[in-house]
Amino acid sequence: MSRIRGSLTGTTLVWTTAIAIALALPAAASDEETADTVADPDEAHIQAYLAASDLYPSATACGGCHPTQYRQWSVSQHAYAQLSPVFNTMQGAIATLTNGTLGDFCIRCHNQVGMNLGEPTFTAQADRHPTSREGISCVVCHRLNREYSKISGRFFLETGPVTSTIYGPTGNNTELDAAIEAGGLVTDPNKAGRKVHAQTEQFFQLTTGGFCGGCHDVVELNGFRLEDAFSEWKNSPAAKAGISCQDCHMGVEQGKIAIDRNDPEFERKNYAFGPAARVGGRATADRKLTNHRFVGPDHSVVHPGLFPLNIEAIKEEFEKDDPTAEGMATIDEWLQFDWKAGWGTDDFEESEAADGEFPERWESPDDRYDARVIIDDNLTLLEEMRGLQLELLRNGYVLGEIEPMTPQEAAWAAPGFLFLPGIWKSVSAMFGGGKSDLNFKVEVKSGQPGHNVPTGFDGERVVWLHVRVLDSAGKQVFVSGDLDPNGDVRDLHSVYVHNHELPLDTQLFNLQGKFVTTMVRGPEQEQVIAVPRSPGAARFLQPEFRSSALLGRHFGARKHRIGIEPNGHRWAKYRIKANELTGNAPYKAIIQLKAAMIPPNLVHEVGFLGYDYGMTPREVAEAVVAGHQIVWEREVDLGN
Amino acid sequence: MQGAIKLRFDRWTLRQFRPLVAALLAALLAAPAGAEEGEDKGGILSWFGWDFHDSRISDKEPGRLTPDFIPDRPARLELGNDFVGTGPISKGFVLPTGATWTPSFLLFGTHRTAVQLFDTGRPNASFSEWANRLDVFGNLILSGTERVTVSFRPFDEGFTGPSPTTGRFTGYYFNPEHGDFKKEFNADLIALFFEGDIGEIFPHLDREDQYPLDISFTVGRQALFYQEGILVFDTMDVVGVTKNSIRLPGTSNLQVSFLYAWNEINRGDNVEVNNLDLFGLFFAVDTPWSTINLDFIYAHDSSSTRVPRSSGIGERSKQDNEDGFYAGLSFVQRVGHLSTAFRAVASVATDEDADRIGDGAGPTSAVDTGVVLFGEIGWTPPHTRNWLYLTMFVGINDYTPAARTPGTGGPMGRAGLLFAGQGLGRYAAPVANFAQDVFGGTLGYQMILDGPAARRQLVLELGGRQDTNGADTATLASLLRFQQAFGRHILLQLDLFGAVGNQRSPGWGGRVEWRYTF
């Protein structure tokens, strides 16, 4: 434990106060606490593991009775929140760049349990408690019983074993009591048997957007506004119409309500209905079931043995030699399982396996077959999820009209129209210049009334138009929205563009917000991550000393929001000069609206710290690019 | 001193530098070609922030990630929940309104100590000193949106720079006072304000959270900063409200703020007045191509009484009410590879124009009529994180800021390090930062010398100003700043400048600052 150093002298009130605080604080002012020394580290690990489970039960403990919810959640972004190697490295990289002062910001939302257990903010996932790895698990929402609202994840979670009270939308215990009475369930944590929570209590806020705002309105303690999803919703037509976050994101359709909010059948038609639990062979009575997949723009880039979370997949290192352990292999062992080569499939095992050398854990064909069952199950879930993600994106973004554009419109749409070339083009257009150019515009609309698109972590959500113009022979004469060799669009964040190895895509339409930071002087500098490089060399995160409420932002960094407002639209404008039209008419445009969860330049920017699971930055980036979605595609004839 | 410099250049002729220049050029040219993939390919250029690694994302395999890859959270002076610390969060308590507060307190701040020498080039304006400044902030966090912040500056009285005020910082004057120890300890309250969100304080007003009650407000003494300090840069007693996340078709966000200030307001001449009411209306909007700020302020002076500072400097008589209307408009965007910002800020003396004071390079009236046009362009060169910037401004007539804190001089500090005082001791801006009948600017280059960590930086600036009213006070100056971080709390900063101008002897200055952040 470090101590506060330095002598404070003086007679003023300030000094008295300062000394009093300084004397009072040694216990409070500490680097990360260290645990008492224990003779047997392995034993200590096991004890800590068990103790932690009594505080924050694993989702696997809930999954026994709630298999539908568990399976949905297991492939969700909430379940992936901590496992993501990009998140993990980004957290560590920003902590490094801010000299450790980032603390638990970011990870407090991503990993409530781990942070409450006092785990390090950065480490390999294999070294975390399994419940910590579960990210935003059952207890993170259902052990919360106070209205903390916009607090960026810094809220209190009730502790206790699985038998403790759980909080839900209704607090109706009828079915629970019936299940307990039917026998076979234990509500005393000290008794043997299948344990269940003794009661549920209603926590009304769980059903409102305000509950989501606890994590989905992210303001750093220095006043930097990172995410505004909840605030956007609160001021949206959806909120006014009584459509909550849950209505669009936990219903039967992703990102959209299935029926008018005022329809008397709304609950019945917007949500699934079924038993909330299955105990033994008995299902509880049907009720409204919320969808726990929490579909969003992210997708997994990790080994499918590790994600989706599968009760039968992972065992801990200390269980490695325990045949009764529920999981099949440790994280490190799963990383050795070459699923892409086909291990555990008939094709592989009947042809190539005989010549292969396998790690010790996977020497047995039976084990490889068993592992393959888990892999295939997980791949099925991932594929389902990819389909739902596309549904979400299609409800969020709509490709609208595609129209020709006049030379005047085109001139004013030129990048840098405030500069002389733009002004010259505009003047020229007034006198007939640019008549032979090919100009057109593409409408991109928000398909929903709830928030901007993209929203949330929009500073890293790439949603762009890939536009190609082909001549009559199919030769490409124009392109915008193509990718550099890293998989980035050619914007200022592309390393190739920054290094002037590829030209800037000056007509790129991209809805990604941009982080801009204050330099020593001059305008703000656009950056991949929002860590100012100036003004001081010692970057030390402190609370904003001015009123963030009044001034609205932190003055070292901010996000230039570019997303489309609810129900709004934008026009992407394209200008192809006559001398670029080198082929024969008629020309046609192939227009694709695409979405990526993050740009590879983010992988590059924070990659100096290294990625988990032995992944290279290149592997992570390639997996990110592999997950790109073509949300909409259209082909139009541009004429002669 | 000037003689010594001249002697040195007489001895060292250009011929003697030739081998050194040749070796340097050879190293610069040879270094990028000679390195292997994955190695540092910058050679000597890497010393100046150049990095010639491949643009292709790395295939380098990492080792096992461990907690010691990153620094621990530093020790903090805190009570209650740790500031961004791990461990359980306390449960807090529920207000009668239904909101839950989890109070915690953090003491933070910065101590700056510097030895500095400054010769303005004007008669009797040469000094050397050791000066200290301690900014202490107490932050009582109540919830995610509510907090109380208090601040003190116990080592100084908050004045800096030459006329109209003198430095009053704890330290030691070497010259010209010859050994005068200054004790400026005080417990003056610099700021004390509360800020919160109506919707969060009263959650039960709207249990479904479906109405836009997320209206932020603040009350108390606090620092304000608008149009990058050109319009307002002052600490005053304020009540303000803000509505963010307003939907405006075609834009991504609109924020509107209104404030009323009634006390501790320093006018454009850095002098505090009583019985001044200041009303502000501020708009900030994110459009797809630019961030636009549009700000309006009206200052109503209901008294003819001026409050002089205790030093007496800056006091003057006043013949009429000095109401003023102010407006600022800015566009901040990236265009091609360039970052750009354009601002137009105006002041209008609505009662009557004030008498012009001085030659335009010095203090102004409390309020007068004028406009400042201000442009900034920045560019990050390839293979670097460096920052080449150009700022330009034109002051038309006699622009006066709506409020400007004592010791910060005029409003053009944003134009360059050369135009900004240090806020510590008497080391003022090398180039006058007032905005009457003037044009000027700065060309600067900020070098990040050590990669992503950005702990070592070098800044070079060349800048100047020229009046347009015939006073002929043109000034040209250059500056060098070096910064190096040590550990997590300490920053060493070296500054050096030289300035030449009409109607003045060459001026120069240098300083070494040690900054401790906690």
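The values are calculated or read from the model by the stated rules, or taken from the named source; none is laboratory data. From a predicted model like this one, the values you see are computed outputs, not experimental measurements. A quick note on method: Cβ atoms are made from the backbone with ideal geometry, for glycine too, and the neighbour counts reach across all protein chains shown. Keep in mind that these areas ignore ligands, DNA and RNA; they rest on the heavy atoms of the full protein, side chains included. Shrake-Rupley method; radii C 1.70, N 1.55, O 1.52, S 1.80 Å.
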- Message: Filter the range B:187-206 down to the residues that are out of contact with any Ser or Thr (no Cβ under 7 Å at 6 or more places or on another chain) and facing another protein chain (nearest Cβ under 8 Å) and list them by number.
- Response: B:Gly199
- Candidate set: the range B:383-406, residues that are of a type in the set (A, V, I, L, M) and surrounded by fewer than 22 Cβ atoms within 10 Å (Cβ to Cβ); chosen: the one farthest from B:Glu157 (Cα to Cα): B:Leu388
- Query: Does B:Val219 meet the test of being within 30 Å of A:Val444 (Cβ to Cβ) and in contact with a Phe, Trp or Tyr (Cβ under 7 Å, 6 or more places away or on another chain)?
  - Reply: no
- Query: From the set of residues in the range A:535-547 that are out of contact with any Ser or Thr (no Cβ under 6 Å at 6 or more places or on another chain) and more than 7 Å from every other protein chain (Cβ to nearest Cβ), which is farthest from B:Asn244 (Cα to Cα)?
  - Reply: A:Pro535
- Item | Unique match (being in a strand (DSSP E or B) and at the interface with another protein chain (Cβ under 7 Å from one of its Cβ atoms)) among A:Arg570, A:Arg558 | A:Arg570
- Message: If I ask for residues that are among the β-branched types (Val, Ile, Thr) and either out of contact with any Asp or Glu (no Cβ under 8 Å at 6 or more places or on another chain) or open to solvent by 10 Å² or more (accessible area, probe 1.4 Å) (or both), which ones from the range A:550-593 would you list?
- Response: A:Ile562, A:Ile564, A:Thr582, A:Ile590
- Query: Out of all the residues in the range B:382-406, which are within 9 Å of chain A (Cβ to nearest Cβ), in contact (Cβ under 8 Å) with a residue 40 or more places away in the chain and part of a loop (DSSP other than H, G, I, E, B)?
  - Reply: B:His383, B:Arg385
- Item | Residue count, the range B:465-492 (criterion: open to solvent by less than 20 Å² (accessible area, probe 1.4 Å) and free of Cβ contacts under 8 Å to residues at least 40 places away in the same chain) | 3
- Taking the range B:258-284 only, how many residues are away from chain A (no Cβ under 14 Å), free of Cβ contacts under 8 Å to residues at least 60 places away in the same chain and open to solvent by less than 20 Å² (accessible area, probe 1.4 Å)? 1
- Message: I'm checking my understanding of the structure. Among residues of the range A:123-141 that are touching a residue at least 40 places away in the same chain (Cβ under 8 Å) and assigned to a loop (DSSP other than H, G, I, E, B), which one is nearest to B:Arg64 (Cα to Cα)?
- Response: A:Ala124
- Message: Looking only at residues that are surrounded by fewer than 15 Cβ atoms within 10 Å (Cβ to Cβ) and in contact (Cβ under 8 Å) with a residue 60 or more places away in the chain in the range A:175-199, which one is farthest from the chain's Cα centre (by Cα)?
- Response: A:Ala182
- Of all residues in the range B:115-145, count the ones that are crowded, with 19+ Cβ neighbours inside 10 Å and under 30 Å from B:Phe193 (Cα atoms). 14
- Query: Looking at A:Pro503, is it open to solvent by 30 Å² or more (accessible area, probe 1.4 Å) and either out of contact with any Lys or Arg (no Cβ under 6 Å at 6 or more places or on another chain) or more than 11 Å from chain B (Cβ to nearest Cβ) (or both)?
  - Reply: yes
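Conditions (1) over 22 Å from A:Leu55 (Cα atoms); (2) among the basic types (Lys, Arg), marked per residue:
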{"position": "A:Val139", "(1), (2)": "no, no"}
{"position": "A:Arg143", "(1), (2)": "no, yes"}
{"position": "A:Tyr148", "(1), (2)": "no, no"}
{"position": "A:Arg154", "(1), (2)": "no, yes"}
{"position": "A:Glu158", "(1), (2)": "no, no"}
{"position": "A:Pro161", "(1), (2)": "no, no"}
{"position": "A:Ser164", "(1), (2)": "no, no"}
{"position": "A:Asn172", "(1), (2)": "yes, no"}
{"position": "A:Ala178", "(1), (2)": "yes, no"}
- Query: From the residues in the range A:87-105 that are assigned to a helix (DSSP H, G or I) and open to solvent by 10 Å² or more (accessible area, probe 1.4 Å), which one is nearest to A:Glu383 (Cα to Cα)?
  - Reply: A:Phe87
- Of the residues B:Gly121, B:Gly87, which is in a loop (DSSP other than H, G, I, E, B) and in contact with a Pro (Cβ under 6 Å, 6 or more places away or on another chain)? B:Gly121
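Rundown of residues vs (1) outside any loop (DSSP other than H, G, I, E, B); (2) surrounded by 19 or more Cβ atoms within 10 Å (Cβ to Cβ); (3) away from every other protein chain (no Cβ under 13 Å), yes/no style:
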position: B:Thr408; (1), (2), (3): no, yes, yes
position: B:Phe439; (1), (2), (3): yes, no, yes
position: B:Leu443; (1), (2), (3): yes, no, no
position: B:Met447; (1), (2), (3): yes, yes, no
position: B:Leu458; (1), (2), (3): yes, yes, no
position: B:Glu461; (1), (2), (3): yes, yes, no
position: B:Val500; (1), (2), (3): yes, no, yes
- Turns out the helices (runs of 4 or more DSSP H) fully within the range A:224-309 with at least 2 residues that are touching a strand residue (DSSP E or B) at 6+ places or on another chain (Cβ under 6 Å) and either open to solvent by less than 30 Å² (accessible area, probe 1.4 Å) or acidic (Asp, Glu) (or both) are A:229-234
- Query: All but one of (1) in a strand (DSSP E or B); (2) open to solvent by less than 60 Å² (accessible area, probe 1.4 Å) hold for B:Val219; which doesn't?
  - Reply: (2)
- Identify, please: which residue in the range B:224-252 is aliphatic (A, V, I, L, M), facing another protein chain (nearest Cβ under 9 Å) and without any contact (Cβ under 8 Å) to a residue 60 or more places away in the chain and is, among those, surrounded by the most Cβ atoms within 10 Å (Cβ to Cβ)? B:Val238
- Checked the range A:594-618 for anything part of a strand (DSSP E or B) and either surrounded by fewer than 22 Cβ atoms within 10 Å (Cβ to Cβ) or at the interface with chain B (Cβ under 7 Å from one of its Cβ atoms) (or both); matches are A:Lys594
